[in-house]
Amino acid sequence: MLLAVCRLSLCAQQDHRMPMPDLNKVNMPLFQTKYTADPSPLVVGDTLFLYTSHDASPEDIPDEKEKNSAGFFMYDWLLWSTTDMVNWTEHGAVASLKDFKWRSRENGAWAIQTVCRDGKYYLYAPLHGHGIGVLVADSPYGPFRDPLGEPLVWQREHWNDIDPSVFVDDDGQAYMYWGNPHTYWCKLNRDMISTDGPITQLPHIPNYQEGPWFYKRGGHYYLSFATTCCPEALGYAMSENPTGPWEWKGYIMRPTERDRGNHPGICDFKGRSYVFGQNYDLMHLDTYIHHERRSVSANEIVYLEDGTIPEIPYWLDQKPMQQLHWLNPYRRVEAETMAWGKGLKSAKMGIPNTGVVKDMPESVGKRNMYICDIDDGEYIRLRGVDFGAGARQFRISAAATGSCTVTLCLDSEEGTVIGSAKIGTTGSLDAYKMFSAKVKDACSVHDLYLCFGDVKGEVRLDWWQMK
C-alpha cells in the first residue's frame with residue numbers, strides 16, 4: 001500500500017491529524033478551498049464539470065452554538081471543471097436552497113445531479129422532507145431557475161425522496177432513480193420537468209443504502225450506489241433493462257473504517273472512465289475528531305469484457321491520477337485553478353456569502369472568482385505545466401490592502417526558484433492591479449508552485465500568466 005501511515009491507527013487518532021503525505025505519491029482529495037461531497041460529473045465537449053454538495057466550514061455556520069457540531073450544515077451546491085483531470089477550476093456556488101422558494105428547511109442541500117438535454121441544463125435536487133425539485137439553465141454555470149415552483153416528485157408518506165439520479169437513454173426516454181433506504185424510479189417527459197407514469201419502488205438490491213448513480217455503457221445498464229451504512233462503500237448492480245431487475249455485482253471500493261459515508265459519480269471522459277466518491281481525508285489533515293466535513297476524490301476505473309468493474313483500493317492507497325494534457329501557462333490561468341491549495345479560500349467577486357441562506361443571492365451564473373485568506377507557508381500547486389522553450393516573465397492580477405511575496409518554485413515548495421513577485425497595496429480589495437517578476441530557468445514540463453510569504457494584511461488573487 002502507498003500510504004500505510006495514513007491509516008486510522010491508534011497513534012494517528014491520539015495525534016488528532018493525518019501526517020501530510022507526499023502529493024507526488026498519494027491520491028489526495030480534488031479540492032481544498034471548501035469541503036465537498038456527493039460528486040456529480042457532467043461531460044460537455046472537452047470539459048468535465050463536477051457538481052458537488054458543500055459541507056460548511058465552521059466560519060460559514062451561522063449558529064454560534066453549532067460551529068463545532070458533528071452534524072450536516074449544507075446550504076448550497078458548488079461547481080468545478082477540468083480538462084486534464086488534475087488541475088481543477090472552481091466556479092463557486094452554482095445554486096442554493098434559496099432557489100427553491102417552497103423549501104421547508106434552511107439546511108440540507110444534499111446530493112444533486114445535473115444533466116444536459118437539447119441545450120438546457122437540468123439540476124435535480126432533494127429538499128429533504130419536501131420531495132425532489134428541479135432547476136433549469138442555459139449554461140452549465142447557470143443561472144439556474146425553478147420552472148415549477150413546487151416539487152417534481154414528493155412522496156409525502158415518507159422521507160425517502162433524496163439523491164436523484166437522471167439518465168436519458170438512447171431512445172430518448174429519461175429516467176430518474178432516487179431513494180434511501182429504498183430505491184424508486186419513474187419516467188420523465190421530454191421536457192425533463194414533468195413525470196410520465198407512476199413512481200415504482202424496486203425490490204431491494206443487496207447492500208443498497210442510498211446515493212444511486214444510473215448510467216449505461218456498452219449495452220449494459222449500471223446502478224452504482226452507497227452500500228449499507230456504516231461504513232458505506234461504493235457498490236454497483238447491473239441490468240439489461242433501464243428498469244431492472246438489478247443484479248448485485250460487487251464493490252467498486254469496499255467498506256473501510258477510514259471512511260463512513262460515500263456517494264458515487266461515474267463518467268467516461270477522453271477515452272477513460274472515472275469514479276468519484278467522498279471521504280474525510282482533507283479534514284483528517286487537521287483532526288480525527290469527527291465532523292461532517294467531507295472531501296471528494298476520484299480515480300480511474302476499467303471494465304472487464306463482461307462489463308463488470310474490478311474493485312479498486314481506497315483513495316489514499318492509489319497513486320495520483322494521470323494528467324491528460326499539460327497546462328499552458330502562456331494563457332490566462334485563474335488563481336482558483338489548482339491541483340492543491342490547502343488553507344486557501346475562494347469567493348465570487350461582488351458576492352459576500354455569509355453562509356446563511358437568507359443572505360445568499362439567487363443563482364447568478366458564471367462570475368469571476370478570487371483566492372483569499374492567504375497565509376505564510378501556503379501555496380498553489382499546478383501539475384504538469386509546459387513552459388516549452390522557456391518563460392521570461394510572470395504576471396499576476398491582485399488586490400491588496402496589505403502585501404505579500406509570491407515565490408515561483410518548480411516541482412515542490414522547496415524546489416528551484418524561477419522568480420519572485422512582490423504584491424503591494426492597491427488601495428482597495430476591489431482594485432486589481434498587475435504585478436510582475438522576471439522568470440529564469442523555466443523550460444519543459446514541471447509542476448509549478450506559487451508559494452506565499454511575508455504576508456501582511458489582506459491579499460486577493462485573480463489570475464496569472466507567463467510570457
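The values are calculated or read from the model by the stated rules, or taken from the named source; none is laboratory data. The shown structure was predicted, so the numbers you read here are calculated from the model rather than taken from an experiment. Virtual Cβ from ideal backbone geometry, glycine too; neighbours counted across all protein chains shown.
Annotations for the structure displayed:
- Scan the stretch 429-453 for residues that are under 31 Å from the mean Cα position of the chain (by Cα) and either surrounded by fewer than 16 Cβ atoms within 10 Å (Cβ to Cβ) or among the polar types (S, T, N, Q) (or both) and the total you get is 7.
- Residue list for the stretch 327-341, filter: part of a strand (DSSP E or B) and of a type in the set (A, V, I, L, M, F, W, C): Leu327, Val333, Met338, Trp340
- You will find that of Asp281, Asp259, the residue that is over 26 Å from Trp185 (Cβ atoms), at pLDDT 95 or above and in a loop (DSSP other than H, G, I, E, B) is Asp281 and no other.
Yes/no matrix, rows are residues, columns are (1) assigned to a strand (DSSP E or B); (2) in contact with a strand residue (DSSP E or B) (Cβ under 6 Å, 6 or more places away or on another chain):
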| residue | (1), (2) |
| --- | --- |
| Glu414 | no, no |
| Ile418 | yes, yes |
| Thr425 | no, yes |
| Asp430 | no, no |
| Asp441 | no, yes |
| Asp447 | yes, yes |
| Phe452 | yes, yes |
| Asp462 | yes, yes |
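- Boolean, Asp317 is in contact with a Cys (Cβ under 9 Å, 6 or more places away or on another chain), under 29 Å from Gly343 (Cβ atoms) and either buried (at least 19 other Cβ atoms within 10 Å of the Cβ) or not aliphatic (A, V, I, L, M) (or both): yes
- Subset tally (residues that are in contact with a strand residue (DSSP E or B) (Cβ under 9 Å, 6 or more places away or on another chain) and not in a strand (DSSP E or B)) for the stretch 173-206: 14
- Residue within the stretch 124-140 that is under 22 Å from the mean Cα position of the chain (by Cα), more than 18 Å from Ser194 (Cβ to Cβ), surrounded by fewer than 19 Cβ atoms within 10 Å (Cβ to Cβ) and of a type outside the set (Ser, Thr, Tyr) present: yes
- Filtered residues of the stretch 68-89 (kept if assigned to a loop (DSSP other than H, G, I, E, B) and in contact with a Lys or Arg (Cβ under 7 Å, 6 or more places away or on another chain)): Val86, Asn87
- In the condition set (1) surrounded by fewer than 22 Cβ atoms within 10 Å (Cβ to Cβ); (2) of a type in the set (A, V, I, L, M); (3) at pLDDT 95 or above, Val94 is compliant with all but (1).
- Every pair of residues 6+ apart whose Cβ atoms lie under 7 Å, when the first sits in the stretch 254-266 and is surrounded by fewer than 20 Cβ atoms within 10 Å (Cβ to Cβ) while the second is among the basic types (Lys, Arg): Arg258/Arg7
- Beta carbons closer than 8 Å, at least 6 apart along the sequence or on distinct chains, pair a first residue in the stretch 339-363 that is closer than 30 Å to Pro21 by Cβ and in contact (Cβ under 8 Å) with a residue 40 or more places away in the chain with a second that is in a strand (DSSP E or B) and β-branched (Val, Ile, Thr) for Trp340/Ile380; Gly341/Ile371; Gly341/Ile380; Leu344/Ile371; Leu344/Ile380; Lys345/Ile371; Ser346/Ile371.
- Where Leu148 falls short, out of the listed (1) free of Cβ contacts under 8 Å to residues at least 60 places away in the same chain; (2) under 27 Å from Lys358 (Cα atoms); (3) part of a strand (DSSP E or B): (3)
- When Asp454, Asp411, Asp462 are checked against the criterion of being assigned by TED's automatic domain parsing to the domain that holds Asp376, touching a Lys or Arg at 6+ places or on another chain (Cβ under 9 Å) and either free of Cβ contacts under 8 Å to residues at least 40 places away in the same chain or among the acidic types (Asp, Glu) (or both), Asp454 stands alone in meeting it.
- If only residues of the stretch 285-306 that are touching a residue at least 60 places away in the same chain (Cβ under 8 Å) and out of contact with any strand residue (DSSP E or B) (no Cβ under 9 Å at 6 or more places or on another chain) are counted, the one that is nearest to Thr83 (Cα to Cα) is Leu285.
- Single residue of Lys65, Lys101 found to be outside any strand (DSSP E or B), without any contact (Cβ under 8 Å) to a residue 12 or more places away in the chain and on the phi < 0 side of the Ramachandran plot: Lys65
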